[in-house]
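Just so you know, all these numbers are worked out from the coordinates, no wet-lab data involved. Since this is a predicted model, take the numbers as computed values, not measurements. Positions of Cβ are generated from backbone atoms using ideal geometry, with glycine treated the same way; all protein chains shown enter the neighbour counts.
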Amino acid sequence: MFHFKLKVTSSLIFILFAQLISFLIWVEMGFYFSCVVFLTFSVLCLLDIVTLLINFLMLKKIEIKRDVHDKFIEGDSIDLKLLIKNKGGFPFANVEIHDYLPWAENDSKVVFFAEWLRKGDTLVREHSSTCMYRGKYTLNRINLIVRGIVGFVFIEKAVDINNVVYVYPETFFIARIPPLVKGYLPWFGLDTISSGGDDDEFFGLREYKKGDSLKRIHWFSVARKNRLVVKEFQKCAFYQASLVFVLHKSYKQDKSRDNIVEYIIKMAASLTRYFIQNNICVELLAHTGKLAIFYPSNKGGEYMDELFKFYSEAQAESRLTLKDFLSEYYNLLPYRSTVFVLMTEKEIDDIAGFLHLKDKDIEIIAIVFLTYSFYYNLEGHENLTLKERVASKLSALGVRAFVCVRGDNLGNLFLSAR
């Protein structure tokens, strides 16, 4: 889809004004020089209009595409490639190509110039820029501008080419996490196994395969079906974890990667990556202005992409408190699991009302971000004192807590976990 715009330059206005003055002088006073000036400017304008019309007709034969990957990480350089092909029957000259980058901090317009494009040729123009902030970015139009031989008038063609780019939050390495509660019921994505034990449960029967243990032969079925049949088991003892957080409107969120919202998102994304890479079932329950519920599926890497796309777009737009959110949706948390609640110290009292989750064999682990450290420059001992105070309060409630402040190395947060 495209549309055209005809635009004039300030030089054309000046030329037309000069022509008018020259014409009046020629008519009134009969100066030969004024006649020459008038005719010269008239010829230039005519040539400009004629060549512009030719380029306009050729412009319809221009095909343009944008090639860009759809997934990046904060701080990555995003490489784009523009392919401009002349599908017309004649050469094409003097084309300006304007591309627009929605993640650019200053000037979002990138300009290229094609002096000459022969019949059937494809012009390739590459450019790149660094995207420092997570998000979902949509690249829409590309503008093509053609001018006449002089450039008094030009035509702008806007081509709608939609590309969606997700910039995922940057994650950090997690060496280990606190011990998780072991679940019983199989979730999506768990594979059956061929060996048994205390953690395995009878799954069904299948035909004998070379290498199967003779101890697993189901003799009753062998006698009935007249072929070897073995018992198959599935793994029922596994680990499952849930991530819970609310991005409330009161959280200070500026255009930086050094605020509470970005810390929460980075923590959630890093834990998600750790869980999925270690075959731990992970559920996400969050509110960012809209409810987000993600259940583990059997899609592997696709499931992680779904979660990271959500993290890319998440903003602090929720009007629910953590207490209200948990009151309404706590029943979605699975039995025998570990729940990681990402919160601030102002929400500690909200956790106290949900200690009954322990009756469902749910272990609560609080990851607390101290808001004061994001708004004020506190000394090291002040941060340490606040951390100890928060951890002590949650410990009294029977909740294990990990407390962090702005500037902490989040990768070291769980190193003391046992």
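Between Ile97, Val110, Ser128, the Cα set farthest toward the positive side of the dipole of region 75-132 (charges on each charged residue's Cβ, about the Cα centre) is that of Ile97. For Glu317, nonlocal amide neighbours, meaning residues 5 or more places apart or on other chains whose placed amide H falls under 5 Å from its own, are Gly289.
Region 247-286 and region 68-113 have Cα centres spaced 32 Å apart. Taking amide H as placed 1.01 Å from N in the peptide plane, the amide H of Val282 sits under 5 Å from that of Ala241, each at least 5 places away or on another chain. Take the Cα of Lys136, step 7 Å toward its Cβ, do the same at Asp67, and the gap between the two points is 2.7 nm. Taking 0.36 nm per residue of sequence separation and removing the Cα-Cα distance, the Lys85/Asn377 pair yields an extension gain of 99.6 nm. Remark: spin-label model distance Val181-Leu228 equals 4.3 nm, labels positioned 7 Å along the Cα→Cβ axis.
Annotation: peptides 87-94, 111-118, 257-264, 396-403, ranked by per-residue average of other Cβ atoms within 10 Å with the highest first, follow the order 257-264, 396-403, 87-94, 111-118. Computed from the alpha carbon atoms alone, the convex hull of region 81-130 holds 66 Å³ per residue. Between amide H atoms placed 1.01 Å from N, distances below 5 Å from Glu74 occur with Tyr168, Glu170, all of them 5 or more places distant or on a separate chain. Which of the lysines could be linked to Lys393 by a straight reach, that is with a Cα gap under 28 Å, when you skip same-chain ones fewer than 8 residues away? Those lysines meeting the cut-off are Lys182, Lys249, Lys252, Lys266, Lys323, Lys346, Lys358, Lys360.
Its Cα gyration tensor gives region 320-391 an equivalent ellipsoid. The semi-axes, each the square root of 5 times an eigenvalue, are 28, 13, 9 Å from largest down. Counting Lys and Arg as +1 and Asp and Glu as -1 over every other residue whose Cβ lies under 13 Å from the Cβ of Val222, the net charge comes to +4. Go through region 77-92 residue by residue and turn each phi into a ³J(HN,Hα) via Karplus (6.51, -1.76, 1.60, θ = phi - 60°); whole Hz please, and just put x for glycine and proline. Karplus-based 3J(HN,Hα) across region 77-92 equals 8, 8, 9, 10, 10, 9, 10, 10, 10, 8, 9, x, x, 9, x, 9 Hz.
Each other residue within a Cβ distance under 10 Å of Phe113 adds +1 if Lys or Arg and -1 if Asp or Glu, for a net charge of -1.
Over the Cα atoms of region 276-418, the radius of gyration divided by the Kirkwood radius equals 0.96; this is the Rg/Rh ratio. A simple rule links phi to the HN-Hα coupling: the Karplus curve 6.51 cos²θ - 1.76 cosθ + 1.60 with θ = phi - 60°, which for region 388-397 gives 5, 5, 5, 4, 5, 5, 6, 4, 5, 8 Hz, with x for Gly and Pro. Spin-label pair Glu306-Glu105: with each label point 7 Å from Cα along the Cα-Cβ axis, the two points sit 3.6 nm from one another.
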